[in-house]
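**Q** Let me begin by handing over the structure; questions about it come next.
Rule-based calculations on the coordinates, nothing more; no lab input. Source: prediction; values computed, not measured. Note: ideal-geometry Cβ built from the backbone for every residue, glycine included; neighbour counts use all protein chains shown.
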């Protein structure tokens, strides 16, 4: 059967990716037309498809469509004939929904009344709790009000089937949350990210840049058991300051001001695995092709603007041998604070891809955010890995830069190209070491961001030379934009241990065009 979906006017480029992910999650075969008319088996399948959608408003069984009123009436008569018998005596309500245009109340009521001659409306009119809700959708040409156009360019009629989960973004609104920070991800985008990664009951989800826990909360809302880690132990432990001011203005002022406290606030403590302090390049989790156990990874790595990528280590170990020796002797001491050093954003993405390849089970997903400049000369490439298949690239556009939500699927080993994997591993081992010591040296996006994306010679690179950023080796390309975002990954040696950053195998990088909004 054909169903009409009514979308909200937010994050347009994410719509198709979300609906396809939900269809995969629910096991529903889906056909989509350019006008958001989809084909699914029945009302039950349609309801399951949208019950977790953040970007759709509702779904309706399609009862008619046409470019003119005459075509519209004729199509309703043809389609509704076999569908109408169960609703002959049902109470009903007729309503209209106009997009990019409007009618006067008089014209709108006249349009609704005209359907009495098309449909056998024998039941009672009930505007509060009807058994049947029919909606006339009008798709007007952009600027139709200013142009004073008399009619829309297309009509649809649908029988209401189900609402969606758009209210969930209000439930998790940051303004009402007990514990937040400057880089906490927006509630709607957190839930959307978890949708694209197929979070569901019985799955283990992990965020290696957990911060205040926006992504684990979203995964837990959809039923997954959520875990997380962060190199900054202060974010993981929280603070009493969160009770008195760090939380949202409408949130609770009592209770724990940490990630666990957020789970308690929303009644999701049963889905809270735990959070711990860790550096992704030295992760204490079991990894390796024989020990893959994670069902989904969702994260927003630090870009280097508000929060910079950092890893454990000493920036100049040859100049500070005492720091190295102290670390060897005291790393098990609970009071020891290990030194940290700046890290390349693109190397961090390399680590994230390798970590996902080594820990995700077959067909599990990795969804992460990364920034890029809108200028092609400064655009950051989307990473690739032979073990990971690119599913979608959704773009949120700002002024001179954008951020992308990128989703990969972990391929079964039988589908991995062994030659490509060996080539990527060899290329990573031969890659030059990172150049530069400052945040700008390591992270070209940061440099571009603070220089207001000015391009000299139509080129941009992490080291300030004339090499285009798109073609730089992965080891020389880095960081990204403000807001909560940052990816990472690690590769494992043959024995399953995590190798040091200068020896880890990594994925090749390739440029993927930014998709245009739907």
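**Q** Students often check this: by mean Cβ neighbours within 10 Å, which of 96-106, 220-230, 166-176 ranks highest, and how do the rest follow? The partial results should precede the final answer.
**A** Values: 96-106: 13.7, 220-230: 23.4, 166-176: 15.6.
In decreasing order of mean packing, 96-106, 220-230, 166-176 become 220-230, 166-176, 96-106.
**Q** With 10 angstrom as the radius, rank 137, 205 by how many other C-beta atoms surround their C-beta, starting from the fewest. Provide the component values of the computation, followed by the final result.
**A** Numbers: 137 21, 205 30.
Fewest-to-most ranking of 137, 205: 137, 205.
**Q** A further question on this structure: Apply the a/c threshold of 1.5 to the C-alpha gyration tensor of the range 374-413 and tell me whether it is rounded, prolate or oblate. All intermediate terms of the calculation are to be shown ahead of the outcome.
**A** Details: a/c = 5.59, a/b = 2.22, b/c = 2.52.
It comes out oblate by the Cα gyration axes.
**Q** Got a sec? How would 387, 354 order by Cβ neighbour count within 10 Å, fewest to most?
**A** Values: 387 25, 354 31.
Ranked by crowding around the Cβ, least crowded first: 387, 354.
**Q** How large is the Kirkwood hydrodynamic radius of the range 130-194, counting all unique pairs of alpha carbons, in Å? Kindly include the intermediate steps, with their values, before the conclusion.
**A** On the way: mean 1/r = 0.0631 Å⁻¹.
Evaluated over the range 130-194, this radius sits at 15.9 Å.
**Q** In whole Å, what is the distance between the alpha-carbon centres of the range 362-411 and the range 155-221?
**A** So the two Cα centres are separated by 19 Å.
**Q** So, one more: Can you tell me how the range 287-439 classifies by the Cα gyration tensor, rounded, prolate or oblate, using a/c under 1.5 as the rounded cut?
**A** Details: a/c = 1.83, a/b = 1.29, b/c = 1.42.
It comes out oblate by the Cα gyration axes.
**Q** Would you compute, for the Cα atoms of the range 272-315, the largest minus smallest coordinate along each principal axis and list the three values in descending order, in whole Å?
**A** 35, 25, 19
**Q** Could I ask something else about it? Rounded if a/c is under 1.5, else prolate if a/b beats b/c, else oblate: with a ≥ b ≥ c from the C-alpha gyration tensor eigenvalues square-rooted, which is the range 40-102?
**A** Judged from the Cα gyration tensor, the range 40-102 comes out oblate (a/c at least 1.5, b/c at or above a/b).
**Q** Could you order the peptides 400-413, 118-131 from most to least packed, using the average number of other C-beta atoms within 10 Å per residue? Can you show the working numbers first?
**A** On the way: 400-413: 20.4, 118-131: 13.1.
So the order, starting with the most tightly packed, is 400-413, 118-131.
**Q** Could I ask something else about it? Could you estimate the translational diffusion coefficient of the range 104-225 from the Stokes-Einstein equation, with Rh from the Kirkwood formula over C-alpha pairs, at 10 °C and 1.306 mPa s, in whole µm²/s?
**A** Numbers: Rh = 18.8 Å.
Once the numbers are plugged in, D ends up at 84 µm²/s.
**Q** Over the Cα atoms of the range 2-163, Rg to Rh with Kirkwood Rh, two decimal places?
**A** 0.96
**Q** Sticking with this one: In a Debye calculation with equal point scatterers on the alpha-carbon sites of the range 352-424 and no solvent, what is log10 I(q)/I(0) at q = 0.15 Å⁻¹?
**A** Those come out to -0.55, one per q.
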